[in-house]
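Presented below is the structure to which this report refers.
The values are calculated or read from the model by the stated rules, or taken from the named source; none is laboratory data. None of the values given here were measured: they were computed from a predicted structure. Heads up, the Cβs are rebuilt from the backbone with ideal geometry, glycines too, and the neighbour counts pull from every protein chain shown.
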């Protein structure tokens, strides 16, 4: 399965809608997109993971790396995720305490 990325600017935040699988093969595509955005001066990023079907440790590493990149500029990287199987991964790894995870784009935008 491939990875799809669509970016959209809403209320001053950039939302990256991610679809498919974030794994060792596709994660560099997401990393490159986050790096590109930060390079362009975008430090308020929301990653919409509602269409993500699979997430492995490489994908988690890319998200953590993205968080570090935006925090270096006093920015934020928040997630939108309601899928139990993905939320379980964040809980097990302890990353649920690192990332702010919302159940909707409206919730993510309102929390800024």
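Brief remarks follow.
- In the stretch 69-85, the qualifying residues are those that are out of contact with any helix residue (DSSP H, G or I) (no Cβ under 8 Å at 6 or more places or on another chain) and farther than 20 Å from residue 12 by Cα, and the one that is surrounded by the most Cβ atoms within 10 Å (Cβ to Cβ) is 83.
- Those residues of the stretch 11-28 which are at pLDDT 95 or above and either surrounded by fewer than 17 Cβ atoms within 10 Å (Cβ to Cβ) or out of contact with any strand residue (DSSP E or B) (no Cβ under 9 Å at 6 or more places or on another chain) (or both), in sequence order: 20, 23, 24, 25, 28
- Checked against the criterion of being assigned to a helix (DSSP H, G or I) and surrounded by 17 or more Cβ atoms within 10 Å (Cβ to Cβ), the stretch 36-43 contains one or more residues that satisfy it.
- Pair list, Cβ under 7 Å, 6 or more apart: the stretch 55-71 residue under 14 Å from residue 22 (Cα atoms), other residue surrounded by fewer than 15 Cβ atoms within 10 Å (Cβ to Cβ): 56/24; 58/24; 60/93
- Selection status of residue 50, surrounded by fewer than 19 Cβ atoms within 10 Å (Cβ to Cβ), modelled with pLDDT of 95 or more and assigned to a strand (DSSP E or B): yes
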